[in-house]
1. Do we find a residue being surrounded by fewer than 19 Cβ atoms within 10 Å (Cβ to Cβ), away from the ligand (no atom under 16 Å from the Cβ), closer than 28 Å to F181 by Cα and not hydrophobic (A, V, I, L, M, F, W, C) anywhere in region 115-124?
2. Quick one: how many residues across region 97-114 are away from the ligand (no atom under 12 Å from the Cβ) and either in a strand (DSSP E or B) or buried (at least 19 other Cβ atoms within 10 Å of the Cβ) (or both)?
3. Take the residues in region 53-96 that are without any contact (Cβ under 8 Å) to a residue 12 or more places away in the chain and under 21 Å from D214 (Cβ atoms); name whichever of them is surrounded by the fewest Cβ atoms within 10 Å (Cβ to Cβ).
4. Can you say whether I251 is surrounded by 14 or more Cβ atoms within 10 Å (Cβ to Cβ) and either without any contact (Cβ under 8 Å) to a residue 40 or more places away in the chain or not acidic (D, E) (or both), as far as the supplied structure shows?
5. If R159 meets every condition in (1) out of contact with any Gly (no Cβ under 7 Å at 6 or more places or on another chain); (2) assigned to a strand (DSSP E or B) apart from one, which number is that one?
6. Output the qualifying pairs, or none if there are none: Cβ atoms under 7 angstrom, residues six or more apart or on different chains, first residue in region 119-138 and part of a helix (DSSP H, G or I), second residue near the ligand (Cβ under 8 Å from one of its atoms) and modelled with pLDDT under 95.
7. I need a count of the residues in region 241-285 that are farther than 22 Å from N228 by Cβ, away from the ligand (no atom under 11 Å from the Cβ) and assigned to a loop (DSSP other than H, G, I, E, B).
Amino acid sequence: ASMSTTNNHYFQYKGCNFVSTIYTKEHLEQLQHFEIKDTDVFIVTYPKSGTIWMQQIMSLIYSNGDPAAVQSKPAIERVPWIELPNSNFPARPSPRLSVTHLPYQLVPKALKEKMGKIIYVARNPKDVLVSSYYFHQHLALYESPKDFPDFLEKFLDGRVEFSCWFDHIREWYTHKDEFNFLFITYEEMKKDLGASIQKMCNFVGKQLSDEKLDSVVEHCRFDIMKKNPMANYEGIPKKSEDGTFLRKGIIGDWKNHFTVAQSEMFDRIFHERMKNVPLEFIWDN
Ligand code: A3P
């Protein structure tokens with residue numbers, strides 16, 4: 001299989017797969033010319049790497065820890081995707097928070113003039129894959145994976161939306177110095193959320209008292225978010241009611257899904273494709 005054999009319900013735009021029923025080439029073209037302000041903050045993730053968690057964290061940092069901000073409006077309105085054709089990003093008052101899964105080559109060009117700030121969140125790709133596998137089973141918008149081995153192959157080939165995990169992270173990471181850029185991992189956030197949030201605050205220039213910082217941490221806990229319909233995408237059409245967007249929220253669930261042989265094959269591909277990318281991941285708890 002090759003990268004060019006995409007599924008019918010994707011189209012390719014400049015080398016990246018997009019779900020046809022959601023995205024348009026016109027908008028993807030237009031957003032590259034979006035005007036960017038210094039106060040804009042972009043969360044960048046490959047899908048299933050902790051996007052919604054970051055939407056919650058950034059909303060709370062910018063509301064100084066006031067939970068009302070994440071209880072009255074859904075995540076998508078607080079921190080919109082720039083790639084959605086009806087994105088309200090351009091019209092929003094500053095400071096504008098937004099999120100994107102776009103690969104390096106497709107983001108607004110002005111970002112490379114060091115306008116705005118980018119927080120890239122990465123997660124170990126075995127857990128990304130497992131999370132994505134369930135996500136495809138759960139959401140009406142996707143074709144259900146045939147089985148785990150089939151999905152594993154698709155993922156490794158990049159025959160999924162936003163294409164290949166390896167390309168996404170390698171391109172972003174190797175070009176990071178072109179941007180105001182903070183790199184953080186899902187695992188780091190799991191292990192010390194307070195310190196991770198402090199790092200983000202420093203990066204965006206927000207100073208929060210210890211008490212406010214504690215409130216941010218409290219309201220982006222997995223169990224709290226799971227109970228908050230404004231933080232867990234309850235409105236998105238599902239195939240069935242079992243399964244949730246906030247599924248397990250742990251490090252290392254891949255061990256319950258990969259066989260030893262699949263894991264060894266994955267490791268070989270990982271080492272080959274990440275040869276020149278000096279990144280270490282945390283694979284288990
Ligand atoms: P799992 O499917 O492994 O549970 P995204 O928002 O990029 O689609 O990522 C979704 C993944 O992030 C899901 O992973 C989800 O459970 C996890 N997640 C969301 N909020 C979290 C939180 N507060 N703490 C830990 N994991 C969280």
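1. Pass one, region 115-124, residues surrounded by fewer than 19 Cβ atoms within 10 Å (Cβ to Cβ): 115.
From what is left, the residues that are away from the ligand (no atom under 16 Å from the Cβ) are 115.
Still in the list and also closer than 28 Å to F181 by Cα: 115.
In the following step, the residues that additionally are not hydrophobic (A, V, I, L, M, F, W, C) were identified as none.
No, there is no match, as no residue in region 115-124 is surrounded by fewer than 19 Cβ atoms within 10 Å (Cβ to Cβ), away from the ligand (no atom under 16 Å from the Cβ), closer than 28 Å to F181 by Cα and not hydrophobic (A, V, I, L, M, F, W, C).
2. Just the residues of region 97-114 that are away from the ligand (no atom under 12 Å from the Cβ), to begin with: 97-98, 102-114.
Imposing the further condition that a residue be either in a strand (DSSP E or B) or buried (at least 19 other Cβ atoms within 10 Å of the Cβ) (or both) reduces the set to 97-98, 102-104, 106-108, 111.
Residues that pass the stated criteria total 9.
3. Per the stated criteria, the residue is A68.
4. Working: surrounded by 14 or more Cβ atoms within 10 Å (Cβ to Cβ): yes; either without any contact (Cβ under 8 Å) to a residue 40 or more places away in the chain or not acidic (D, E) (or both): yes.
It is true that I251 is surrounded by 14 or more Cβ atoms within 10 Å (Cβ to Cβ) and either without any contact (Cβ under 8 Å) to a residue 40 or more places away in the chain or not acidic (D, E) (or both).
5. All conditions are met except number (2).
6. From residues that are part of a helix (DSSP H, G or I), the pairs are S131/R247; Y134/R247.
7. Residues flagged as farther than 22 Å from N228 by Cβ, away from the ligand (no atom under 11 Å from the Cβ) and assigned to a loop (DSSP other than H, G, I, E, B) within region 241-285 amount to 14.
Here's the yes/no breakdown for (1) modelled with pLDDT of 95 or more; (2) away from the ligand (no atom under 16 Å from the Cβ):
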residue	(1), (2)
Y133	yes, no
H138	no, no
P149	yes, yes
G158	yes, yes
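The values are calculated or read from the model by the stated rules, or taken from the named source; none is laboratory data. Because the structure is predicted, anything quoted here is derived from the model rather than measured. When we count neighbours, we look across all protein chains shown, and the Cβ atoms used for this are built from the backbone with ideal geometry, even at glycine.
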